[in-house]
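The values are calculated or read from the model by the stated rules, or taken from the named source; none is laboratory data. Small disclaimer: the values here were computed from a predicted structure and weren't measured. For neighbour counting, all protein chains shown are included, and Cβ atoms are generated from backbone atoms with ideal geometry for every residue, glycine included. Keep in mind that these areas ignore ligands, DNA and RNA; they rest on the heavy atoms of the full protein, side chains included. Shrake-Rupley method; radii C 1.70, N 1.55, O 1.52, S 1.80 Å.
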Protein chains: 2
Amino acid sequence: MAQKKQILLNAFNMNSVGHINHGLWTHPRDQSHRYKTLDYWTSLAQTLERGLFDGVFLADIIGVYDVYQGSADLTVRESIQLPINDPLLLVSAMAAVTKNLGFGVTVNVNSEAPYLFARRMSTLDHLTDGRIGWNIVTGYLDSAARALGEDAQAEHDSRYDRADEYLEVLYKLWEGSWDDDAILLDKANRMFADPNKVRPMEHDGRYYRSNGYHLSEPSRQRTPVLYQAGTSGRGRQFAARHAECVFITGSDKSSARTAARALRQEAVDAGRRAEDIKILVGVTVVTGATTGEAKDKHAEYLRYANPEAGLAHFSAGTGIDFSKYDLDEEIVYGTSNAIQSQTQLAKQRGWTKRQLLGELAIGGRYPTIVGNGSQVADELASWIEEGEIDGFNLARTVVPESYEDFVEHVVPAVQDRGIYKTTYQEGSLRQKIFRDGDKVPDRHHAASYRAARDR
Amino acid sequence: MAQKKQILLNAFNMNSVGHINHGLWTHPRDQSHRYKTLDYWTSLAQTLERGLFDGVFLADIIGVYDVYQGSADLTVRESIQLPINDPLLLVSAMAAVTKNLGFGVTVNVNSEAPYLFARRMSTLDHLTDGRIGWNIVTGYLDSAARALGEDAQAEHDSRYDRADEYLEVLYKLWEGSWDDDAILLDKANRMFADPNKVRPMEHDGRYYRSNGYHLSEPSRQRTPVLYQAGTSGRGRQFAARHAECVFITGSDKSSARTAARALRQEAVDAGRRAEDIKILVGVTVVTGATTGEAKDKHAEYLRYANPEAGLAHFSAGTGIDFSKYDLDEEIVYGTSNAIQSQTQLAKQRGWTKRQLLGELAIGGRYPTIVGNGSQVADELASWIEEGEIDGFNLARTVVPESYEDFVEHVVPAVQDRGIYKTTYQEGSLRQKIFRDGDKVPDRHHAASYRAARDR
């Protein structure tokens, strides 16, 4: 019998107190305020590796949520992704205490020159021996643009044009500047590297100019595993060309399936294979030894969660100040210049604030699965099958217990069903995910930037 | 009896194969090619902490050395700071295996927007609990400017004007955006932070515009310990205002003393105290159990070192292609638009290439001290006294043995003389260095950006 489809699993996190499920920092057992300390992260990494998670996926945001009530006050009070520290700087400490866990880090393409960012990712790929992934984001907050010296963010589609070119520069550096066999480490002949196998890349484009040798020698994966979260038309086109793992927020299995099929079709149209894109859905899981224990825990969490803080987060995403609406007033909105693309909810029309707050009961907008390990495993299996997806980004609730509960109760149950690994696959993050090579496959756009001899 | 002046000691290193003493990567015992691996760095950090080093000081360079012979060929062959990986990404792994070691990381002010860089350093200050320092550099390579999309580097003095403004933005974020008592972590009253004690900073200057809340809550030191390496007129003025530790390259004690006095005077003129600036000299040490062992080791090292590679490095620094000169031709040069400020050698006139190569016998241009522990200790003590400096940046030769030799032979000898600590001082890096508070003192320029209530 063929092996069943294996669930891909990332722990979704952020270098911050509040992330997705807002308000839970007030829970007496929650330790998320310890995000500033190293052992918070090294312990987490060890827990995740014990649970055979494929990776920890670190979100990031530049800017603050100041749309709701026209201020950042609630954001400050409830720590709604503020303060928020840099995600990349956590990786080497977590990598040092693990062997197999992957690291998906979010970096906005507007953050820095591609030449320097290319080195940052190569450095992490070296230090983790090929366990690094990059979640490509283009940003959506005006507050971020102002912090970086602009008046407002660029228009949605042009952000993707710019991101396309950013990736082009990166591919030239990651794939083309050093040949696979450039490093000789020949002490006797004093040849560390062969000058004939190293070359400066040149780029003179619409948004970027850069000319120089990639500063890093080739790392195990060269191009990190590429993650993306856009499901808008232009975002999907970008994903079809670049992304290897796409993170979608599906409110139900049917909408996930629709999004998944559209993405895979677009990838095929771009010369790739349907299975070249792994699709992950964000979920919240509350579990325990028994159904009753899980339900009690969920009820307990709800007492500390803050749906209004979730609404403030959602306000920033949609650009709509929900504080201005009455509870039962119908809120009609369609495409905005904000993250309409990032959420299924934003595609809905005619919600009331009361309905939204109900959806945000645990403080965040992801589907919430409550049950014992077996029940959660069944529901995850159903998402994989009916939603035609590949895995999950598991949002945290009370830290670290929500991860520990998952490892204790759900992991054995999905293993029993044959839909989750019982040991890590050898190799780089890309090998683990795709059961193929360390590098992007030849049909990926990045491969076209390889030096001829490496292709 | 008053305590004798205590030597400050940094291990000088770089996330690369070749650093200062070029060619030694070919030594059979040298492990510098393992710079890509985490355990190379965590082992190093542990060795340094065993030797009570104040810090590891990580240099960095953007761009490649392509002046010598008009190409980067020798740079590639001898790995002259190419490849070169990102230094910041090493810190969390090293911090996780140490308790007291400081981390001085080099970042060019042209690298990224101050808003984002401020967060990077705050993140590291949090993760290390106040053990982070920043070596401020303005860059000197045209190849770096081209890589970042410019035609050539900016003129020397204007680079410092721009750096001054960059620091101003950083101070506003680090010192002014969050009050000391802004974080409440009050779970019962749902007040993570007090909105009245957090404010966006505003900056609209000549080089930078930025408007926003600092993304990080206050870290132990807020402003990292500030290092700098400029000793030109404009660079010294910059140092007098900002730097807390200044790294100078002194070819002899007398020139070090001249530079040290000028720096301290300029600091006093800027309203600071002479002792507010700690001055470090770069040195290479080859030591062993006996004088003979040290001399033998030195002779052995010389067989693997490559003075020509050192010359290629120096060519990039001065902008002069030394390959074009005959061995005994007098090379006259004065101020150039390159790093004239970074080296005493560049202020010399009338050197021959033969003389330069002699100076570069061990592949680098720092004073080289060869002897048993006691002899090295005497020489270091003499540098401190006659040079009127505070400590050293210890360049590496063969890695890791040069650090291990130093810890084994020199550390006990300087401890015996009462000029080196026998245990770490408690506290942050700034406390350890200055025996004062975690934060910059009130007389430092950064302090003027503090919110009134924190001053």
Inset, instruction - Looking at (1) in a loop (DSSP other than H, G, I, E, B); (2) within 20 Å of residue B:89 (Cβ to Cβ), find the lone condition where residue A:226 falls short. - result: (1)
Legend entry - Those helices (runs of 4 or more DSSP H) lying entirely in the stretch A:375-452 with at least 2 residues under 20 Å from the mean Cα position of the chain (by Cα): A:401-405, A:429-434
Inset, instruction - Inspect the stretch B:76-85 for any residue being crowded, with 24+ Cβ neighbours inside 10 Å and more than 24 Å from residue A:201 (Cα to Cα) and give the result as yes or no. - result: no
Inset, instruction - Mind listing just one residue for me: the one in the stretch B:146-185 that is without any contact (Cβ under 8 Å) to a residue 24 or more places away in the chain and within 12 Å of another protein chain (Cβ to nearest Cβ) and, of those, surrounded by the most Cβ atoms within 10 Å (Cβ to Cβ)? - result: B:149
Legend entry - Residue check for residue A:73: crowded, with 20+ Cβ neighbours inside 10 Å and within 11 Å of chain B (Cβ to nearest Cβ): no
Inset, instruction - Looking for whichever is in contact with a helix residue (DSSP H, G or I) (Cβ under 9 Å, 6 or more places away or on another chain) and more than 9 Å from chain B (Cβ to nearest Cβ) here; the options are A:193, A:260, A:256, A:188. Which one fits? - result: A:256
Inset, instruction - Might you let me know whether the stretch A:200-222 holds any residue that is closer than 20 Å to residue A:395 by Cα and of a type outside the set (A, V, I, L, M, F, W, C)? - result: no
Legend entry - Number of positions in the stretch A:264-283 that are more than 23 Å from residue A:11 (Cα to Cα) and open to solvent by 10 Å² or more (accessible area, probe 1.4 Å): 10
Inset, instruction - Pull up the stretch A:1-56, narrow it to residues that are among the aromatic types (Phe, Trp, Tyr) and part of a helix (DSSP H, G or I), then point me to the one that is nearest to the other protein chains (Cβ to nearest Cβ). - result: A:25
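How do the helices (runs of 4 or more DSSP H) wholly within the stretch B:282-365 filter down when requiring 2 or more residues that are touching a helix residue (DSSP H, G or I) at 6+ places or on another chain (Cβ under 9 Å) and at pLDDT below 95: which remain?
So the answer is B:307-318, B:353-359.
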Legend entry - Single residue of the stretch A:108-120 satisfying the filter (under 18 Å from the mean Cα position of the chain (by Cα) and at the interface with another protein chain (Cβ under 8 Å from one of its Cβ atoms)) that is nearest to residue A:319 (Cα to Cα): A:111
Inset, instruction - Only residues that are under 21 Å from residue A:109 (Cα atoms) and within 9 Å of chain A (Cβ to nearest Cβ): list them for the stretch B:88-107, please. - result: B:88, B:89
Inset, instruction - Sort through B:163, B:154 and tell me the only one that's part of a helix (DSSP H, G or I) and out of contact with any Lys or Arg (no Cβ under 6 Å at 6 or more places or on another chain). - result: B:163
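Quick grid of which residues meet (1) in contact with a strand residue (DSSP E or B) (Cβ under 7 Å, 6 or more places away or on another chain); (2) in contact (Cβ under 8 Å) with a residue 24 or more places away in the chain; (3) farther than 27 Å from residue A:96 by Cα:
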residue	(1), (2), (3)
A:12	yes, yes, no
A:24	no, yes, yes
A:27	no, yes, yes
A:35	yes, yes, no
A:38	no, yes, no
A:47	no, yes, no
A:52	no, yes, no
A:68	no, yes, yes
A:72	no, no, yes
Inset, instruction - Search the stretch A:438-450 for residues that are basic (Lys, Arg) and pair each with any residue that is part of a loop (DSSP other than H, G, I, E, B) when their beta-carbon atoms are under 8 Å apart and the residues are at least 6 apart or on different chains. - result: A:439/A:221; A:439/A:222; A:439/A:223; A:443/A:271; A:443/A:272; A:443/A:273
Inset, instruction - Considering (1) small (Gly, Ala, Ser); (2) touching a residue at least 24 places away in the same chain (Cβ under 8 Å); (3) part of a loop (DSSP other than H, G, I, E, B), say which one residue B:235 fails and leave the rest. - result: (3)
Inset, instruction - Give the residues of the stretch A:121-145 that are at the interface with chain B (Cβ under 9 Å from one of its Cβ atoms), surrounded by fewer than 24 Cβ atoms within 10 Å (Cβ to Cβ) and either among the acidic types (Asp, Glu) or over 26 Å from residue A:320 (Cα atoms) (or both), sorted by residue number. - result: A:129
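Yes/no matrix, rows are residues, columns are (1) touching a Lys or Arg at 6+ places or on another chain (Cβ under 7 Å); (2) surrounded by fewer than 20 Cβ atoms within 10 Å (Cβ to Cβ); (3) modelled with pLDDT of 95 or more; (4) not charged (D, E, K, R):
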site: B:224; (1), (2), (3), (4): no, no, yes, yes
site: B:227; (1), (2), (3), (4): no, no, yes, yes
site: B:232; (1), (2), (3), (4): no, yes, no, yes
site: B:238; (1), (2), (3), (4): no, no, no, yes
site: B:246; (1), (2), (3), (4): no, no, yes, yes
site: B:255; (1), (2), (3), (4): no, yes, no, yes
site: B:262; (1), (2), (3), (4): yes, yes, no, yes
Legend entry - Filter result (in contact with a Pro (Cβ under 7 Å, 6 or more places away or on another chain) and open to solvent by 30 Å² or more (accessible area, probe 1.4 Å)) within the stretch A:16-42: A:31
Inset, instruction - Please indicate, with yes or no, whether at least one residue in the stretch A:285-298 is open to solvent by less than 10 Å² (accessible area, probe 1.4 Å) and of a type in the set (S, T, N, Q). - result: yes
Legend entry - residue B:215 vs. criteria in a strand (DSSP E or B), of a type outside the set (D, E, K, R) and facing chain A (nearest Cβ under 9 Å): no
Inset, instruction - Return yes or no: is residue A:379 open to solvent by 30 Å² or more (accessible area, probe 1.4 Å) and either hydroxyl-bearing (Ser, Thr, Tyr) or touching a residue at least 24 places away in the same chain (Cβ under 8 Å) (or both)? - result: no
